[in-house]
Amino acid sequence: MIKNFLLAFVLMVGLSSLAGCATTGQGQSAADLQMKVNDLENQVAAKDAEIKDLKLTMKDMAYDLDRTKTRTSGGSSKPFNYAKNSEILRVKVAPEKLQEALKAAGYYNGTVDGKLGTGTKAAIKKFQSDHGLKADGIVGEKTWSELKTAAGE
């Protein structure tokens, strides 16, 4: 929708500047206009990528909220403890969700149990290696983003 709006805007601006050309005699060349269109298309593509990232962040936040709601004790919410897995996880993602994403991407065939054992660590390293990332077995922003894309999330 945003892309269509920006494209319509570009066309209106382009047409109005062409109309101005005839009256003022200070027209822009077709090459100049094409450069402007290309620049605007690049800006639209960047905004589309930003929207995709925001949607993924919202999905993660919804998942985190659901996880917090399901981990209750004594009627109060008990947040998931990401700190205990900080040697592997540098992003806020539940180990189960990491395993599910690795499984969906074809890198993990173990049980989704939330335990970051040797099978999960090996799957992370293999995924990183296959995707040109530093194969250190640590799930940071780049690895998690790439894994979500590979898993079709």
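The values are calculated or read from the model by the stated rules, or taken from the named source; none is laboratory data. Because the structure is a prediction, the values reported are computed rather than measured. Positions of Cβ are backbone-derived with ideal geometry, glycine not excepted, and every protein chain shown enters the neighbour counts.
Could you give every pair whose Cβ atoms fall below 8 Å, whose first residue belongs to the stretch 33-45 and is closer than 18 Å to Ile2 by Cβ, and whose second residue is assigned to a helix (DSSP H, G or I) and basic (Lys, Arg), counting only separations of at least 6 or pairs across chains?
Once the first residue is closer than 18 Å to Ile2 by Cβ and sits in the stretch 33-45, its partners that are assigned to a helix (DSSP H, G or I) and basic (Lys, Arg) give Val44/Lys3.
Restricting attention to the stretch 107-121, and to residues there that are in contact with a Phe, Trp or Tyr (Cβ under 8 Å, 6 or more places away or on another chain) and assigned to a helix (DSSP H, G or I), which single residue is surrounded by the fewest Cβ atoms within 10 Å (Cβ to Cβ)? Talk me through it step by step, then tell me what you get.
Filtering the stretch 107-121 for residues in contact with a Phe, Trp or Tyr (Cβ under 8 Å, 6 or more places away or on another chain) gives 107, 119-120.
Still in the running and assigned to a helix (DSSP H, G or I): 119-120.
Working: Gly119: 16, Thr120: 23.
Among them, the one singled out is Gly119.
Picking from Leu54, Leu6, which residue would you name as being at pLDDT below 65 and either out of contact with any Ser or Thr (no Cβ under 8 Å at 6 or more places or on another chain) or surrounded by 11 or more Cβ atoms within 10 Å (Cβ to Cβ) (or both)?
Leu6
Rundown of residues vs (1) surrounded by 12 or more Cβ atoms within 10 Å (Cβ to Cβ); (2) at pLDDT below 90, yes/no style:
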| position | (1), (2) |
| --- | --- |
| Ala49 | no, yes |
| Lys69 | no, yes |
| Asn81 | no, yes |
| Lys92 | yes, yes |
| Leu98 | yes, no |
| Ala104 | yes, no |
| Ala123 | yes, no |
| Phe127 | yes, no |
| Ala135 | yes, no |
